[in-house]
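Some notes on the structure that comes next.
The values are calculated or read from the model by the stated rules, or taken from the named source; none is laboratory data. Quick caveat, the model's predicted, so the values are computed rather than measured. As a convention, Cβ positions derive from the backbone with ideal geometry for all residues, glycine included, and neighbour counts pool all protein chains shown.
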Amino acid sequence: MIAVIDCNVGNLFSVKNALDFIGEKSEVTSDAAVIEKADALILPGVGAFPEAMREINKLGLVETIKNQAKKKPLLGICLGMQMLFDYGYEFEKCAGLGLISGEIKTIPAEGLKIPHMGWNSLKFKNPSPLLGGIAEGSYFYFVHSYMAFTEDKNISTYVDYGTEVTAMVWDGKYVFGSQCHPEKSGEIGLALLKNFCRLAD
């Protein structure tokens, strides 16, 4: 069972619908007990970093998520990916979950429209279990104004948007992040979600 973590900041049911479509059992939840029993976790998010972290703290889920990420697959999507890092700087400096080292700052895209919105093609940097059967150059859907600044070793893929914008990350163990929206990226996005769910088997 995949727990889709509800922190009051995500388009949760588009993720759940995608999981239903590929035949994966899932539950949208903010219950720590359900999260602890799940085989894998997805942390979606849309909105502002500080608001999202306040919600996670209010729900008392920070330590639950951090502890579970040491022993089962966790996928952060969009803002959910950004929350995996040490700090975000949207409106104010705010501590994240600290599961991957790095910071979230504005995309430095000189002369380009912010937010970065629409389809963009992936360029590969490091191998990741999420990329099985996915070709370099595949198009995924993005909508974001902030990006992850982290060590190259953590970056699985990036896209070119005036600079190298981090698209997917992996800590080398259980923690994965996707700045793009696999649940809105058609067949190729479903392939990525299938790859993630296989890690829970």
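Of note:
- Candidate set: segment 105-141, residues that are charged (D, E, K, R) and part of a loop (DSSP other than H, G, I, E, B); chosen: the one farthest from Lys93 (Cα to Cα): Glu136
- Qualifying position, being touching a strand residue (DSSP E or B) at 6+ places or on another chain (Cβ under 9 Å), within 12 Å of Gln179 (Cβ to Cβ) and in contact (Cβ under 8 Å) with a residue 12 or more places away in the chain, among Ile107, Ile114: Ile107
- Members of segment 142-168 that are among the polar types (S, T, N, Q) and either in a strand (DSSP E or B) or touching a strand residue (DSSP E or B) at 6+ places or on another chain (Cβ under 8 Å) (or both): Ser145, Thr150, Asn154, Ser156, Thr157, Thr166
- Count of residues meeting criterion [under 14 Å from Phe142 (Cβ atoms) and part of a loop (DSSP other than H, G, I, E, B)] in segment 186-201: 0
- Checking each residue in segment 42-66 for being β-branched (Val, Ile, Thr), under 11 Å from Val9 (Cβ atoms) and either touching a residue at least 40 places away in the same chain (Cβ under 8 Å) or surrounded by fewer than 17 Cβ atoms within 10 Å (Cβ to Cβ) (or both) picks out only Ile56.
- Subset of segment 166-191 [surrounded by fewer than 21 Cβ atoms within 10 Å (Cβ to Cβ) and either in contact (Cβ under 8 Å) with a residue 40 or more places away in the chain or not acidic (Asp, Glu) (or both)]: Asp171, Gly172, Lys173, Tyr174, Lys184, Gly186, Ile188, Leu190, Ala191
- Qualifying positions in segment 1-41 - within 18 Å of Phe196 (Cβ to Cβ) and without any contact (Cβ under 8 Å) to a residue 12 or more places away in the chain: Asp20, Gly23
- Taking the criterion of being closer than 22 Å to Lys58 by Cβ and in a loop (DSSP other than H, G, I, E, B), the only residue of segment 12-30 that qualifies is Ser30.
- Residues that are touching a His at 6+ places or on another chain (Cβ under 9 Å) and in a strand (DSSP E or B) were ranked within segment 60-104; the one that is farthest from Tyr174 (Cα to Cα) is Cys78.
- Output for segment 130-188, where each listed residue is in contact with a helix residue (DSSP H, G or I) (Cβ under 8 Å, 6 or more places away or on another chain) and among the acidic types (Asp, Glu): Asp171, Glu183
- On inspection, Glu183 does not qualify as in a helix (DSSP H, G or I) and out of contact with any Leu (no Cβ under 8 Å at 6 or more places or on another chain).
- Qualifying residue in segment 72-95 (condition: under 21 Å from Val4 (Cβ atoms), acidic (Asp, Glu) and modelled with pLDDT of 95 or more): no
- Flag for Ser138 being among the small types (Gly, Ala, Ser) and under 28 Å from Lys66 (Cβ atoms): no
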